[in-house]
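Written out below as structure tokens is the structure these notes cover.
The values are calculated or read from the model by the stated rules, or taken from the named source; none is laboratory data. Since this is a predicted model, take the numbers as computed values, not measurements. Glycine gets a Cβ as well: all are built from the backbone with ideal geometry, and neighbour counts include every protein chain shown. With ligands, DNA and RNA removed, areas are computed over all heavy atoms of the protein, side chains included. Shrake-Rupley method; radii C 1.70, N 1.55, O 1.52, S 1.80 Å.
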Amino acid sequence: MEINLSIPAAKARVILDAISGMLPMAGLKVRRINSEGEEVVSASEVFADASPAKALRGLRVKEDITQVELAEKLGISQNMVSDMESGKRNISLKMAKRIGETFNIPYKVFL
């Protein structure tokens, strides 16, 4: 179900807050719509199973390099790469920065 309302701009926030507070009580989900009429979704909704481990593996596959090649670039063992990709080993801040520098991408992806 979709409801569209035209309301005075000065009262928009008050009315939005009131309606948004009541709809979940009726078991309905409130979604935000941008100025182009598109539904606004969060990154966590789109990438619900995202993790630093999956980001690392995805980057390595995208760059078409093996775990051994990535390990050589980072100066670590292939086993460490495998453990980071499988989530058995957390990616430290220092390692995330090295990965980011190696591939010229923001390191925060791996934290």
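Counting each DSSP H run of 4 or more residues in the chain as -39500 (n - 2.57), what helix-only mean residue ellipticity at 222 nm follows after dividing by all residues, to the nearest 500 deg cm²/dmol? Intermediate values should be presented prior to the final figure.
Details: 6 runs with 54 residues, N = 111.
Computed mean residue ellipticity for the chain: -13500 deg cm²/dmol.
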Study note, to complete from the structure: Taking Cα atoms only, helix 93-103 is inclined relative to the longest principal axis of the chain by an angle, in degrees rounded to 10, of 80 degrees
Review point. Can you give the accessible area of Glu72 in Å² (nearest 10), computed on protein heavy atoms with a 1.4 Å probe?
Key: 140 Å²
Review point. Taking the Cα centre of the chain as the origin, how large is its charge dipole in debye, to the nearest 20, when only Lys and Arg (+1) and Asp and Glu (-1) carry charge on their Cβ atoms?
Key: 420 debye
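For the chain, what is the accessible area per residue in Å² when the probe is 1.4 Å?
Details: 8420 Å² over 111 residues.
Value returned for the chain: 76 Å² of accessible area per residue.
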Review point. Roughly how much of Val109 is accessible, in Å² to the nearest 10, using a 1.4 Å probe?
Key: 70 Å²
Point to revise | List Phe47, Phe103, Phe110, ordered by accessible area with a 1.4 Å probe, largest first | key: Phe47, Phe103, Phe110
**Study point:** Where Cα atoms sit under 29 Å apart: lysine pairs in the stretch 1-90 separated by 8 or more or lying on different chains
**Key:** 7
Revision key, fill the gap. Put Leu111, Leu28, Leu56 in order of accessible area, largest first, probe 1.4 Å, and you get Leu111, Leu28, Leu56
Practice item. Can you pull the one-decimal nm distance between simple spin-label points at Ala48 and Lys29, each 7 Å off the Cα toward Cβ? Key: 0.8 nm
Study note, to complete from the structure: Env charge @ Val41, Cβ radius under 11 Å, K,R +1 / D,E -1, value -1
Revision key, fill the gap. In whole µm²/s, the translational diffusion coefficient that Stokes-Einstein assigns to the stretch 15-65, given a Kirkwood hydrodynamic radius over C-alpha pairs, 4 °C and 1.567 mPa s, equals 91 µm²/s
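To the nearest whole percent, what portion of all C-alpha pairs in the chain is separated by more than 25 angstrom? Walk me through the numbers before you get to the answer.
Values: 2832 of 6105 pairs.
Taking all Cα-Cα pairs of the chain, the fraction more than 25 Å apart is 46 percent.
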